[in-house]
Every structure is written in structure tokens, then in C-alpha cells.
1. Evaluate the following for L288: is it surrounded by 10 or more Cβ atoms within 10 Å (Cβ to Cβ), more than 30 Å from R136 (Cα to Cα), among the hydrophobic types (A, V, I, L, M, F, W, C) and free of Cβ contacts under 8 Å to residues at least 60 places away in the same chain?
2. Assuming M97 fulfils every condition listed in (1) within 13 Å of the chain's Cα centre (by Cα); (2) surrounded by fewer than 12 Cβ atoms within 10 Å (Cβ to Cβ); (3) touching a residue at least 40 places away in the same chain (Cβ under 8 Å) apart from one, which condition is it?
3. Specify the residue that is nearest to S108 (Cα to Cα); the eligible residues are those in segment 252-280 that are open to solvent by 100 Å² or more (accessible area, probe 1.4 Å) and assigned to a strand (DSSP E or B).
4. I'd like to check something: does segment 20-41 contain any residue that is out of contact with any Gly (no Cβ under 7 Å at 6 or more places or on another chain), under 19 Å from G137 (Cα atoms) and surrounded by 16 or more Cβ atoms within 10 Å (Cβ to Cβ)?
5. Name, by its number, the condition in (1) touching a helix residue (DSSP H, G or I) at 6+ places or on another chain (Cβ under 7 Å); (2) among the hydrophobic types (A, V, I, L, M, F, W, C); (3) open to solvent by 40 Å² or more (accessible area, probe 1.4 Å) that does not hold for L163.
6. Please work out which residue is least open to solvent (accessible area, probe 1.4 Å), limiting yourself to segment 56-72 and to residues that are over 11 Å from L46 (Cα atoms) and among the acidic types (D, E).
7. Do you know which residues across segment 202-232 are open to solvent by 40 Å² or more (accessible area, probe 1.4 Å) and in a strand (DSSP E or B)?
8. I'm trying to understand the selection: among the residues of segment 42-55, which are open to solvent by 80 Å² or more (accessible area, probe 1.4 Å) and either of a type in the set (K, R) or within 30 Å of M6 (Cβ to Cβ) (or both)?
Amino acid sequence: MAKTGMEIETFVHGALCVSYSGQCLMSSVIGGRSGNRGECAQPCRLPYTLVEEKQGKYIDIPTDGDFLISPKDLNVLEHIEELKKAGVTSLKVEGRMKRPEYVAQVISSYRKQLDHALSKSELKEEDKEMAQLFSRGFTPGYLFGALPKDVLNPKTNSHVGLLIGEVTGSDEKYIHLNLRETLRQGDGIRLVKGDFEEGFTVNFLYQETRLVNQAKGKAALKRHVDVPTGASIYKTTDIQQMDELNRQINENNRRVPVDLRLRFEVGKPAVLECISDGVSLTMSSDDLV
């Protein structure tokens, strides 16, 4: 960089490619869609079985999950200062097919870190905010020395959410919870233990049999499904966070009227005039019409 004067852009957040990005041939071979042309069908997110061949027979090998080559999501929020010192001038965030709220939250978190180095407690809170919107689990990636086992998450190929507590038991009416983070009416959660997994929106939340809008610590849900004791509770959507992000998006969604006038005249350059809010900008082509 120092010898060429070129700016360096580094990928800092979002979905990772299991291969050298853009050089994986699995999508084109399996699905006829080339990852080299931006059409990757993400075969790394499919379930696979690990087998060993012995005496002409295939023997299944137990694994922690079925998604053996599915990477976690990159997150280098705490390493921004290191990237700045290395000469990085542009940060790239993956947001293909993501919700506007996801983009707003991730960009906001990195903007805060760029404007002033966040403390460890602030970094932890920003990671929580981003994990609630979308995460397959976070990894700093190979750039900061992570091993392959730390980059892959064979247990899931989709949104994990934020771990907020566990199920302590159930009875005929309630699913009893121990919550380390606040849970609200309207939040989305996943309950997971072994092969059991159930996701839903919180509609009936109780503390000491009283219906409440939010809870932390001991709480209960109205029982509508059998849930094993010890199941982990993941928050996949935070209704308060979504409302706040949508408010910010609507406030910043400014549309400015622009008048474009394009003029062609044989033997002369093409001319484009742009007029907006009383300001005019004119550009001409190098070639003649």
C-alpha cells in the first residue's frame, strides 16, 4: 500500500465464505449457479454427513451437528484500531438480502467504534445488539488467528440469536424460565436442547402468575408446547430494538428531488446536467456523439 498509494478495503462483518471468497466451485457444480459470478447458492449452508471408508464400506462418524462446513458470521468490532494502524481505509459490511434494521444496527455499532474506542462493556452491549438481529455465532476470522474449529458452526446454518437464559421446568399451565436478559412481550425466541428446537413470538409472559410486559430473572410463559428442562433460551428478535431502529430509519430516510437533463448533439460531447435544491452540476463526455 505504501508503495502503490492504493486504498485498502477490509471485510469486517457478516456472512463468511467457506472457501477463498469467490473461488468456490461447489455452487456451480451442485446447483449450476457460479459463485464467481455473484450467484452463489450457498452449498456450505447445507447439511452433510462425515463418513469414513473401511474395507469398501462407508461408516458414519458422529459430529456436533449436520452443517459441517457452515461458517459463523465475521465480527471484528473490537479489532478496528488494529485495522486502522495497519492502514485500512475502508470497512466492508456484508448485508446482502438482510433487513434494513440489520444494516442500521451494524453500521451504527461500527460507527461508534470508529468515532471513539468503545470500552469492553460497551463492546459487549454492541455485540448483543447485533447478535439479536442476525448471527450464526460470531468469529474474528482468520485475519486475527482463529482456527477452523472456531470459524465453523456445525450446529446451525441460520440465525442463532442471543442466549438469554434457560428453561427451569414446566407444569400444566406454565413454562418456567430463568432470564439473564430482559424479555418482552412481542420478542422472538428459540428454545433449544439437543434435537429439540421450538421458535415463537412471546405473547403471554408472567411473573408470579401476573401477566407482565417484560421480565428478567424468574418468569414464565403460557405452556403451549412440551419443552425439556434445561433448554437454552435464545432471543431472535427484540421488539424494542426493532421499534427504535425503525424510528431512526424513518427519520434518516430523506428523499431529495433531482432533475436530470441529458443532451445529445451530433459532433459534440454528450452533456448531463443535474439540478437539485437550486444547485446545478454539469458533466460532459470525453467522446463526441
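1. So L288 fits the description; yes.
2. Here M97 clears every test but (3).
3. It comes out as L260.
4. No, segment 20-41 contains no residue that is out of contact with any Gly (no Cβ under 7 Å at 6 or more places or on another chain), under 19 Å from G137 (Cα atoms) and surrounded by 16 or more Cβ atoms within 10 Å (Cβ to Cβ).
5. (1)
6. Checked segment 56-72; the qualifying residue least open to solvent (accessible area, probe 1.4 Å) is D60.
7. Result: Q207, R210, L211, Q214, K216, K218, K222.
8. Result: K54, single match.
The values are calculated or read from the model by the stated rules, or taken from the named source; none is laboratory data. A quick note: this is a predicted structure, and the numbers were derived from the prediction, not measured. Every residue, glycine among them, receives a Cβ derived from its backbone with ideal geometry; neighbour counts consider all protein chains shown. With ligands, DNA and RNA removed, areas are computed over all heavy atoms of the protein, side chains included. Shrake-Rupley method; radii C 1.70, N 1.55, O 1.52, S 1.80 Å.
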